[in-house]
1. Return the residues of the stretch 333-347 that are more than 14 Å from residue 128 (Cβ to Cβ) and either part of a loop (DSSP other than H, G, I, E, B) or in contact with a Pro (Cβ under 7 Å, 6 or more places away or on another chain) (or both); say none if nothing qualifies.
2. Go through the stretch 217-242 and report how many residues are within 16 Å of the ligand (Cβ to nearest atom), surrounded by 16 or more Cβ atoms within 10 Å (Cβ to Cβ) and more than 11 Å from residue 86 (Cα to Cα).
3. Select, from 215, 229, the only residue that is modelled with pLDDT of 95 or more, touching a Leu at 6+ places or on another chain (Cβ under 8 Å) and in a helix (DSSP H, G or I).
4. In the stretch 84-106, how many residues are within 12 Å of the ligand (Cβ to nearest atom) and among the aliphatic types (A, V, I, L, M)?
5. The conditions are (1) small (Gly, Ala, Ser); (2) farther than 23 Å from residue 295 by Cβ; (3) more than 16 Å from the ligand (Cβ to nearest atom), and residue 74 fails exactly one of them. Which is it?
6. Mind checking whether some residue in the stretch 169-182 is more than 15 Å from the ligand (Cβ to nearest atom), of a type in the set (Gly, Ala, Ser) and either in a loop (DSSP other than H, G, I, E, B) or in the same structural domain as residue 327 (by TED's automatic domain parsing) (or both)?
7. Among the residues of the stretch 81-97, write down those that are surrounded by fewer than 21 Cβ atoms within 10 Å (Cβ to Cβ) and touching a strand residue (DSSP E or B) at 6+ places or on another chain (Cβ under 7 Å).
8. From 31, 100, which residue is more than 23 Å from residue 207 (Cβ to Cβ) and modelled with pLDDT of 95 or more?
Amino acid sequence: MERIFNFSAGPSMLPLPVLEQAQKELTNYKGSGMSVMELSHRSKLFTDIIEGAEQGLRDLMQIPDNYKVLFLQGGASQQFAMVPMNLLGPDKKADYVNTGSWSKKAMKEAERFADVNVIASSADKNFTYIPEVSKDMIDPEASYVHITTNNTIEGTAFRHMPDTGDVPLVADMSSNILSEEIDVSKFGIIYAGAQKNIGPAGLTVVIIREDLIGHAGEDVPAMLNYKTHSDAGSLYNTPPTFAVYMAKLVFEYIKESGGLKEMERVNRDKAELLYLTIEESGLFTSPVEKKSRSLMNIPFVSPSEETDAAFLEGAKQRGLETLKGHRSVGGMRASIYNAMPKEGVQTLVDFMNEFEKNHK
Ligand code: PMP
């Protein structure tokens, strides 16, 4: 059975060389006679893995020394709670930018702890664009400003990061971390569930500026306190060992492939090909405003649900899978993370053109 082109929003494709290396090492990791899954998280072999993963990510993203890298669990969804639990000051004020489903979930969770102020929103146009965020919108007393850099469901992305001055910028980067070069020093916290550009589900990466650690109240459980994990080097309890190992392999693979500069070049190239095909099409349209378009998640719609269904069926027969759009947007959505080869996008656009020609 051949591998297919999997356009899933996550968990999603992993680089084949990474899967093959994991397969090769699966039953006997580095002569230990064990798989990574069977290694103690306190063993020397696993210590090398987790330290290697951290260094790999630091090198790729050029993470400054005054930032900690944490390997946690609970998904990005757990960060929706950990961020306010750890960052809120006595005023309990936090500013949020509402750019869609995941922003709303982050806000809803924060409302348990914080006085949430929505400083900008694209709800008026069904989240089809990224609103402007300027410094004067930000409450100088807010403990942080939260944004979702890439909106997985709506297919929008911040093309430049807002300047939040002295108020820390917190970013949910789940669906576009490692897809392009970014300046980590502009952020207070970056967090991401691993299951798109990093590795398998079960691992959550948090990059946090050191001065933001250690402010959680006494009532915050140890597992939800950044300080616990920072002090213990992400080994307070058993981390998701195999997922950390896979992430390390992915980081090494990205480095060997030319780093984030090269990821960005290829991602732009892939996205341009698909957007151009949609623009030139008389059948498919993009619901997203041009200047807010994501490079990672690209929704497109046809005039009817029947046409969508026929397209999805034909695509499946060509090994193009998981293209059904999110129910809130409808139509199709192609998630084209780092591991989706250009060939996958080329096969998709070839089929779109063929389908359109035959669909009269
Ligand atoms: N934020 C964004 C932008 C996402 O795309 C997702 C998952 N698709 C989440 C948060 C939730 O992540 P998790 O399932 O890891 O909790």
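1. Of everything in the stretch 333-347, those that are more than 14 Å from residue 128 (Cβ to Cβ) and either part of a loop (DSSP other than H, G, I, E, B) or in contact with a Pro (Cβ under 7 Å, 6 or more places away or on another chain) (or both) turn out to be 336, 337, 338, 339, 340, 341.
2. The qualifying residues number 2.
3. 229
4. Matching residues across the stretch 84-106 total 1.
5. Here residue 74 meets the rest and fails (3).
6. Within the stretch 169-182, not a single residue is more than 15 Å from the ligand (Cβ to nearest atom), of a type in the set (Gly, Ala, Ser) and either in a loop (DSSP other than H, G, I, E, B) or in the same structural domain as residue 327 (by TED's automatic domain parsing) (or both).
7. 92, 93
8. Exactly one residue qualifies, and that residue is 31.
The values are calculated or read from the model by the stated rules, or taken from the named source; none is laboratory data. These numbers come from a predicted model, not from an experiment. Neighbour counts run over all protein chains shown; Cβ positions are idealised from the backbone, glycine included.
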